[in-house]
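Report on the following structure.
Every number in this text was worked out from the coordinates using simple rules, so none of it is lab data. From a predicted model like this one, the values you see are computed outputs, not experimental measurements. Methodologically, a virtual Cβ is constructed for each residue, glycine included, from the backbone with ideal geometry; neighbour enumeration extends over all protein chains shown.
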Amino acid sequence: MRSFQTAFTRPILETYQSGVMSYTYKGVRCLKSPVDISIYMRLIWDLKPRSLFEIGSHSGGSALLFADILGNMGCPDTPVISIDLEIPQDIEDDRIRFLKGNVLDLASLFDAHKLDALPHPWFVIEDSAHSYSGCMAALTLFAERMAPGDMLAVEDGVLDDLGMSAKYDGGPNRAISDFVSSHAESFEIATHLCDMFGVNATYNPNGYLRKV
């Protein structure tokens, strides 16, 4: 397994993190790294997903961003399925379907809303609680449902560089390491995305995964 260390130095990262945590899109909290927004744009252009899943809606700003990116990249009919414990109440957009659900019990949500029927290719963004258990739950569920060529991003492994991973029981990086090790024949790290701006110059180190 490749190192999960990002290309960001600690002094730069602390300032950068402050900006990420205050970032908004169309006036709604979005909390996305600008570097990764660029990577997402390239990924969506190349993949042309027909369904996009976001686990972790927060205020809904990132769902709005993804809906606009999809439209700009030639995928205006691709739905954004955004899942969280609480649904944003002040966003109404026909392109976005906000669903109330728990990352630890996504299977029941998929059954209730027939999400398995959504067309591929899929692009999945795991951005929920960042806990090891939450990341593993999402990775395990989507591993069974994704088709070859589908893409999955696990966000915020940069928590390691920020010295916060212990709070999340190892968080995304531990989950990615265990998952890729146990699914080596069916998932690979998309290094061209992780390393687009330098080796793991991303908030999602080794976190862009392709099903093969």
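Less than 5 angstrom separates the built amide H of Ser51 from those of Phe123, all sequence-distant by 5 or more or on a different chain. Residue-wise HN-Hα couplings along the range 42-50, as the Karplus relation 6.51 cos²θ - 1.76 cosθ + 1.60 with θ = phi - 60° gives them from phi, are 5, 4, 5, 4, 6, 7, 6, x, 9 Hz; Gly and Pro carry x.
Each label was represented as a point 7 Å from its Cα along the Cα-to-Cβ direction; for Leu104 and Glu144 these points are 1.8 nm apart. Modelled this way, with points 7 Å down the Cα-to-C-beta line, the labels at Thr191 and Thr24 are 4.1 nm from one another.
You can think of it this way: the chain between Asp93 and Ala184 has 28.9 nm of extra reach, that is 0.36 nm per residue less the Cα-Cα gap.
Ranked from largest, the principal axis spans of the Cα set of the chain equal 41, 41, 31 Å. Take the Cα of Gln17, go 7 Å toward its beta carbon, and the backbone nitrogen atoms of the range 116-149 under 16 Å from that spot belong to 130-131.
Which value, in debye to the nearest 20, describes the size of the charge dipole of the range 106-212 about its Cα centre when Lys and Arg Cβ atoms bear +1, Asp and Glu Cβ atoms bear -1, and nothing else is charged?
Details: 6 positive and 15 negative charges, 27 e Å.
Rounded to the nearest 20 debye, it is 140 debye.
Within the same chain, lysines fewer than 8 places from Lys32 are excluded, and of the rest, those with a Cα less than 22 Å from its Cα are Lys48, Lys100, Lys167.
Here the contact order of the range 37-113, divided by its residue count and restricted to Cα pairs under 8 Å and six or more residues apart, works out to 29 percent.
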